[in-house]
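The values are calculated or read from the model by the stated rules, or taken from the named source; none is laboratory data. Given the structure is predicted, the values throughout are model-derived calculations rather than measurements. Quick reminder, even Gly has a Cβ in these numbers, built from the backbone with ideal geometry, and neighbours come from all protein chains shown. Protein only, heavy atoms only, side chains kept; ligands, DNA and RNA dropped before computing areas. Shrake-Rupley method; radii C 1.70, N 1.55, O 1.52, S 1.80 Å.
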Amino acid sequence: MTTSVYRLIACLAVLFFVASCGGKETPPAPEPEPTEPTGGRDLSNRALLSDDKFGADSNPTGNPIGGGEGYDQLVEEYDYFVTSRAELLDALKQATGGQVVYVADTARVDLTGDTDIEIRAGVTLASGRGKPDSDGGLIFSEQLDTAPLFVAIGPDVRLTGLRLEGPDTMRRTEQMTQLLSEGRFYSIPNSRAIETFQPRLEVDNCELWGWSHGAIFLRRNSMDNHIHHNYIHHNQRHGLGYGVVMDNSEALIEANLFDWCRHHIAGTGRPNTSYEARYNMVLENANSHSFDMHGGRDREDGTDIAGNVILIHHNTFLAVDVEAVVIRGIPQDICDVYNNWFIHWLPATAIKQVYATGNMRNYSNQYTHTRVVKD
């Protein structure tokens with residue numbers, strides 16, 4: 001799908017809801033601070049974090065949600081210019097910290113059969129998504145067992161301006177349900193685009209789709225990651241299907257455009273799993289809730305732990321047929337959900353905490369089927 005097409009879809013979706021307002025309305029008053037649920041500690045002394053802005057269109061980043069046309073953090077200089085599989089693999093073997101491997105804007109690089117391609121510390125893999133008349137270089141794999149395609153083996157790796165197409169955009173709901181009942185759920189291989197155990201991975205201005213397990217997998221001890229201004233879609237295999245998935249890791253996830261994923265953001269909930277999600281736009285298509293954190297009952301580890309810190313604010317959720325946020329246990333520190341715009345009619349249909357409750361607050365959100373327009 002081209003940049004212009006998906007941005008048109010996003011704009012039409014937002015304009016539909018704006019137009020349906022029928023005029024300006026006064027934003028609803030912030031909800032009162034919630035009472036402390038059973039199982040949590042006293043949060044009454046912790047300041048609320050809200051302001052007077054709601055939803056993703058408060059985006060202050062200076063770049064368009066989802067990246068693409070208008071994105072101004074483009075890579076212009078490079079050390080290696082590649083147009084083919086052989087050139088790309090050779091350049092990544094040679095590139096060292098501070099160097100840039102640039103995939104030609106018109107390139108179509110078939111990496112079918114390749115896995116665990118290493119990107120060294122401090123290396124940038126780039127292309128020109130968002131330049132005039134450019135969707136960015138395309139890198140793809142048609143092999144179901146591609147987990148992962150790229151692995152950042154050191155800190156401070158950046159992937160930017162690329163299109164990364166995986167081998168499987170399907171949900172496979174009936175097939176995966178049957179395999180699960182037979183104890184053979186993983187008999188069909190999975191795929192991932194990018195994986196790391198290292199800190200400070202940056203993925204920006206990319207389009208990622210077709211990765212049956214997840215587009216980006218942040219693994220143990222991978223901290224201070226920044227996932228921003230990407231278009232992430234069609235990662236939706238039943239029972240898996242993540243845009244960004246974390247395990248004992250941490251990330252800032254902002255100004256992304258999400259669609260057609262099972263969970264756009266998910267975490268295993270193991271201790272030290274944390275994320276802040278802000279200024280993201282979630283479009284209408286989904287087969288499960290949008291933002292997630294698993295708890296101990298999912299892991300069967302005898303706890304109710306659901307990560308450490310979860311901050312979800314200034315996002316817009318247009319997928320009304322599924323919950324927007326589900327936290328499946330108790331965060332060790334806190335989960336704050338605030339200043340989001342939900343088209344869900346009621347808070348209870350937008351935000352849920354299940355299995356155990358505590359250390360979670362939701363406040364100052366908008367729950368309006370028609371967008372509140374502000375001066």
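Based on this model, can you work out whether Gly210 counts as surrounded by fewer than 20 Cβ atoms within 10 Å (Cβ to Cβ) and among the small types (Gly, Ala, Ser)?
Details: surrounded by fewer than 20 Cβ atoms within 10 Å (Cβ to Cβ): no; among the small types (Gly, Ala, Ser): yes.
Taking the combined requirement at face value, the residue does not satisfy it.
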Open item on the list: Being in contact with a strand residue (DSSP E or B) (Cβ under 9 Å, 6 or more places away or on another chain), over 15 Å from Ala277 (Cα atoms) and among the aromatic types (Phe, Trp, Tyr) is the requirement here; does Tyr338 meet it?
Closed with: no
Task: Residue satisfying all of: in the stretch 332-358; under 15 Å from Thr368 (Cα atoms) and polar (S, T, N, Q); surrounded by the most Cβ atoms within 10 Å (Cβ to Cβ) among these - done: Asn340
TODO: State whether the residues of the stretch 241-251 include one that is of a type outside the set (Asp, Glu), more than 21 Å from Gly295 (Cβ to Cβ), within 13 Å of the chain's Cα centre (by Cα) and open to solvent by 10 Å² or more (accessible area, probe 1.4 Å).
DONE: no
Open item on the list: Filter the stretch 260-274 down to the residues that are open to solvent by less than 10 Å² (accessible area, probe 1.4 Å), more than 9 Å from Gly243 (Cβ to Cβ) and assigned to a strand (DSSP E or B) and list them by number.
Closed with: Gly267
Open item on the list: Step by step: first the residues of the stretch 103-119, then only those that are assigned to a loop (DSSP other than H, G, I, E, B) and open to solvent by less than 20 Å² (accessible area, probe 1.4 Å), then the one that is farthest from Val82 (Cα to Cα). Which residue is that?
Closed with: Leu111
- [ ] For the stretch 154-168, state whether one or more residues are within 24 Å of Ala104 (Cβ to Cβ), of a type in the set (Ser, Thr, Tyr) and open to solvent by less than 10 Å² (accessible area, probe 1.4 Å).
- [x] yes
TODO: State all residues of the stretch 308-326 that are of a type outside the set (Val, Ile, Thr), surrounded by 20 or more Cβ atoms within 10 Å (Cβ to Cβ) and within 17 Å of the chain's Cα centre (by Cα); if no residue qualifies, say none.
DONE: His313, His314, Asn315, Phe317, Leu318, Ala319, Glu323, Ala324
Task: Among (1) touching a strand residue (DSSP E or B) at 6+ places or on another chain (Cβ under 7 Å); (2) over 22 Å from Ser212 (Cβ atoms); (3) open to solvent by 10 Å² or more (accessible area, probe 1.4 Å); (4) of a type outside the set (Asp, Glu), the one test that Thr303 misses - done: (1)
TODO: Could you give me the residue pairs with C-beta distances under 7 Å whose first residue belongs to the stretch 196-212 and is basic (Lys, Arg), whose second residue is not in a loop (DSSP other than H, G, I, E, B) wherever it lies, and which are 6+ apart or on separate chains?
DONE: Arg200/Asn225
Task: Residue in the stretch 129-145 that is surrounded by the fewest Cβ atoms within 10 Å (Cβ to Cβ), counting only those that are touching a strand residue (DSSP E or B) at 6+ places or on another chain (Cβ under 8 Å) and either acidic (Asp, Glu) or more than 14 Å from Leu208 (Cα to Cα) (or both) - done: Asp145
Task: The one condition in (1) open to solvent by 10 Å² or more (accessible area, probe 1.4 Å); (2) touching a Phe, Trp or Tyr at 6+ places or on another chain (Cβ under 7 Å); (3) of a type in the set (Gly, Ala, Ser) that Gly329 fails to fulfil - done: (1)
Task: Search result, residues across the stretch 71-96 that are surrounded by 13 or more Cβ atoms within 10 Å (Cβ to Cβ) and in a loop (DSSP other than H, G, I, E, B) - done: Tyr71, Gln73, Leu74, Val75, Tyr78, Asp79, Thr83, Ser84, Ala95
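Looking only at the stretch 214-256, which residues are among the aromatic types (Phe, Trp, Tyr) and in contact (Cβ under 8 Å) with a residue 40 or more places away in the chain?
In the first step, residues of the stretch 214-256 are kept if they are among the aromatic types (Phe, Trp, Tyr); the result is 217, 231, 242.
If the condition is that a residue be among the aromatic types (Phe, Trp, Tyr) and in contact (Cβ under 8 Å) with a residue 40 or more places away in the chain, then Phe217, Tyr231 are the ones that fit.
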